[in-house]
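Comments concern the structure below.
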Amino acid sequence: MDYSFFDFLKLIGSLGLFLYGMKVMSEGLQKIAGDKLRNILSAMTTNRFTGILTGIMVTALVQSSSATTVMVVSFVNAGLLSLAQSISVIMGANVGTTVTAWVISIFGFSVNISDFALPLIGVALPFLFSSKGKNKYWGEFIIGFAFLFMGLDFLKNSVPDIQSNPQILAFLQKYTDMGYASMLLFLLVGSILTIIVQSSSATVAITLIMCSQGWISFEIAAAMVLGENIGTTVTANLAALSANYSARRAALAHMMFNVFGVLWMTILFYPFINMVSWIIIHYGPGDPNAIYTFLSGLDPETISLISGRETLTDPSLIALRSQLASMQQATSFGLSLFHTMFNIINVLIMIWFVNVYVKICTKLIKQKTSDEEFQLKFISSGMLSTAELSILQAKSEVVIYAERMKRMLIMVEDLNKMKDNGDFLKLYGRIEKYENISDRMEIEIANYLNKVSEGRLSNDSKEVIRNILRAVTEIESVADSLYNMARTIKRRNEGKAVFPEELNENIEHMISYIHKALDRMIEVLKLNEPTEADANQTFNLENEINALRDQLKEQNIENVNAQKYDYQEGVFYMDFITECEKMGDYIVNVVQAYCFKNSFKTHNN
């Protein structure tokens, strides 16, 4: 075969352009939607049926089941979705991803959309240079769409001309006439190909091209599509590797759902294929199996002529080209229908076993003592309790929130002493995750309290809710301060700065005060009716923190002038100390919110 290494690179480049186009298009749509997608995911999963519809809708929008499943895994990791909710969304994502195959079938074979690709890029160009962010995102979406179909067109023209080399077809033929063994073999090929490419949509596109060129039969292509359903689960499992046990369970559930679906389909494979063929023959463009036999009866030269883009004058060749186009469309429609029907039926069967999946995943992936649970424990987005009970639940959640800050402070303390770079980055990533989670917790608790406040409440209850909201905002500021401390330590390490022992001792001294202040804050949050007297200890601690900050600030100026350490080291040091003092202010504000009724003066020294 006259197929050089340069031709192979063109094939890889075509696949790369297809994948890049899909990525740009998907990211553009996600940016256009903004937080709406996240709000939809967190709000529309109250039961398994709405979860499935949400998964279908979001995946159809972003054109990537991987994007949806990775988003779901991150939500489970943050505690915003339960395992049962995540499984239903993932089920819906499997149906939503079949939209890509239909788009390719409708436009990729019946319409030469690559001819419109450059004009589409021309349309998108002004959007890219727009001053409005949303216009830029629309430009990205249009360019991604153009790149996707340019890549698909290049892919069709870059694949080796197997029809002109019967010996290769003979080689393939040896593995296509073994019945169930052939089906299982190509199922494995589809899985491996998807794992390599990391996109089931791209693998489906490759399978559509192979089948429409007559290299493999419709049945073999369908087996590859089944394999692609297993291969696509790898992305979510990779995303969950660094996540907590809840996210790993969601990724495992995704894999189990797809694997169990493929298992029952392998048993009913040939009857199911015959049913799909019957539907396409009677209600679609024709027999999806016909193209394989049709091309097998033609010589390579004729196939090359009718498959190319050259203008034909021979009426018989023109008729053959028209016949080939019709058969290609029938084949692509057949594969798309197979893909869609399999996923829909699989969801309709597996939806009743969501709780079974939850039990299996919980059994297989156990919670370790080192694992952190980020699920909100006392409040949920479902039905509200009575007003007074809802307030008690919110208060309990605030205590959990505050206790997370205590753990976060311990992590920052450990980070400051850490020497190994690998362990340092791992712990820094965990602190970063805690900060992101604290942002989401603030929003979730605040949203819950806003719902409670919409009910009929006494003036005292309304005041309590206002105070809790103020406290939650200040606790989130505590998390911001802790993250800023971690960033200061990271910048210090990147700058190769090393603190003298005296500075480390001062930092430990300051952190000891912060520990005491946090402990006292948590004690106050646990009290039923905290009073002004309960706040006095926190005020005293804050005064000590302020005094220590002032003392260390003056001492730092003297030490830098005496050249005991570099000015830059002094900057890192004082950034850390100043952030500790700010954190003390936030802690005082939390205590004030709980201890003083009808008044809230932000403390800031």
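Put a dot 7 Å past the Cα of Lys10, heading toward its Cβ, do the same for Asp423, and the two dots end up 5.5 nm apart. Sorting Thr362, Thr538, Thr340 on solvent-accessible area from highest to lowest, probe radius 1.4 Å, gives Thr362, Thr340, Thr538.
Roll a 1.4 angstrom probe over the protein heavy atoms and tell me the percent of accessible area of segment 248-323 that is carbon or sulfur. Carbon and sulfur: 65 percent of the exposed surface of segment 248-323. Highest-first packing order for the peptide set 484-490, 521-527 is 484-490, 521-527, based on the mean count of other beta carbon atoms within 10 Å. Summarising the label geometry, the points placed 7 Å from Cα in the beta-carbon direction at Gln568 and Lys490 lie 1.8 nm from one another.
Counted residue by residue at 0.36 nm each, then reduced by the alpha carbon distance between them, the extension gain from Thr473 to Glu554 reaches 26.0 nm.
Modelled spin-label separation between Phe539 and Tyr20, with each label point placed 7 Å from Cα along the Cα-to-Cβ direction: 6.4 nm. Taking every alpha-carbon pair under 8 Å whose residues sit at least 6 apart, segment 514-596 reaches a relative contact order of 53 percent. At 0.36 nm per residue, and after removing the present C-alpha to C-alpha distance, how many nm does the segment from Val123 to Ser326 gain when stretched out fully? Roughly 70.0 nm would be gained on extension. Given R₀ = 22 Å, what would the calculated FRET efficiency be for Trp278 paired with Trp102, taking r from the Cβ atoms and rounding to 0.05? For R0 = 22 Å, the calculated efficiency reads 0.70.
The values are calculated or read from the model by the stated rules, or taken from the named source; none is laboratory data. Since the structure is predicted, the reported quantities are computational estimates derived from the model, not experimental observations. Neighbour counts run over all protein chains shown; Cβ positions are idealised from the backbone, glycine included. Remember, those area values only see protein heavy atoms, side chains included, never the ligands or the DNA or RNA. Shrake-Rupley method; radii C 1.70, N 1.55, O 1.52, S 1.80 Å.
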